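Structure, as structure tokens:
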């Protein structure tokens, strides 16, 4: 039932390439669309896929349309293409924030005979094997064939070993503030703090211990990725603003505790973190994982 003609808007980007290869593997004819003509053509040739410079043309013929563009551009793009889509076609985005996109898609699929779905792959463009990685899904709705079409689409993802987690847009954005925005912030601030010390990173690394080395590598892996995306994940999510208020309070309290040499408060904070961590499935083997990472780094 699911047609085999797919258009990827933002197809020359990292995630566009990942999903292009995936659907090509399952027999889809892929057309890539992007703003940068030179990069688009180069990507299409490299992946042996079609490309189009005409948005309307490539949308009208598609059975499945994926939108993989910056967070702030996604809502307007969805509004633009929905009226052009053919009956029963599937439209899905992979943006990192969902509340606004969900609201717009709800309106569009009640207005046009299309099927809307919002996805968030919890991995980046460097992925080689999708097995046991998470794909967050927010089902929205559409035509009478919605459930059958979405099941066929999900079957492709599940064939690759992806774990599909269904949630709501509100829960998604709240959890993303903690699981994406906070780690990004902490690692960006970590490098900012080291830089402000005035000591070159290579000089610090000469004195490195295990904790410093691992944290440094985590931070360096993040800072090399898409600045625009990281900025949007933090700036466009109202839930992250709440986290920033919490963070500010935590740092202020910690500063007071350290400056006053309050060992009881320090022990209490330490124990609370320990007890919270004990509930995590990775807790028991976390030290083992730590040194497995270290073995890789030392190679």
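The values are calculated or read from the model by the stated rules, or taken from the named source; none is laboratory data. This structure is a prediction, so every number in the text was calculated from the model and none was measured. Positions of Cβ are backbone-derived with ideal geometry, glycine not excepted, and every protein chain shown enters the neighbour counts.
Here are some notes:
- Options 246, 180; residue that is without any contact (Cβ under 8 Å) to a residue 24 or more places away in the chain and either out of contact with any strand residue (DSSP E or B) (no Cβ under 6 Å at 6 or more places or on another chain) or not assigned by TED's automatic domain parsing to the domain that holds residue 69 (or both): 246
- Conditions (1) in contact with a strand residue (DSSP E or B) (Cβ under 9 Å, 6 or more places away or on another chain); (2) surrounded by 14 or more Cβ atoms within 10 Å (Cβ to Cβ); (3) on the phi < 0 side of the Ramachandran plot: number failed by residue 142: (3)
- Enumeration of residues in the stretch 76-91 that are within 11 Å of residue 142 (Cβ to Cβ), in contact (Cβ under 8 Å) with a residue 60 or more places away in the chain and not in a loop (DSSP other than H, G, I, E, B): 90
- The set of residues in the stretch 194-204 being part of a helix (DSSP H, G or I) and out of contact with any helix residue (DSSP H, G or I) (no Cβ under 7 Å at 6 or more places or on another chain) consists of 195, 196, 202, 203.
- Residue check for residue 240: closer than 15 Å to residue 183 by Cα and assigned by TED's automatic domain parsing to the domain that holds residue 177: yes
- Selected residue (criterion: nearest to residue 25 (Cα to Cα)) from residues of the stretch 104-125 that are touching a residue at least 60 places away in the same chain (Cβ under 8 Å) and not in a strand (DSSP E or B): 125
- Identity of the residue in the stretch 205-246, within 21 Å of the chain's Cα centre (by Cα) and part of a loop (DSSP other than H, G, I, E, B), that ends up surrounded by the fewest Cβ atoms within 10 Å (Cβ to Cβ): 224
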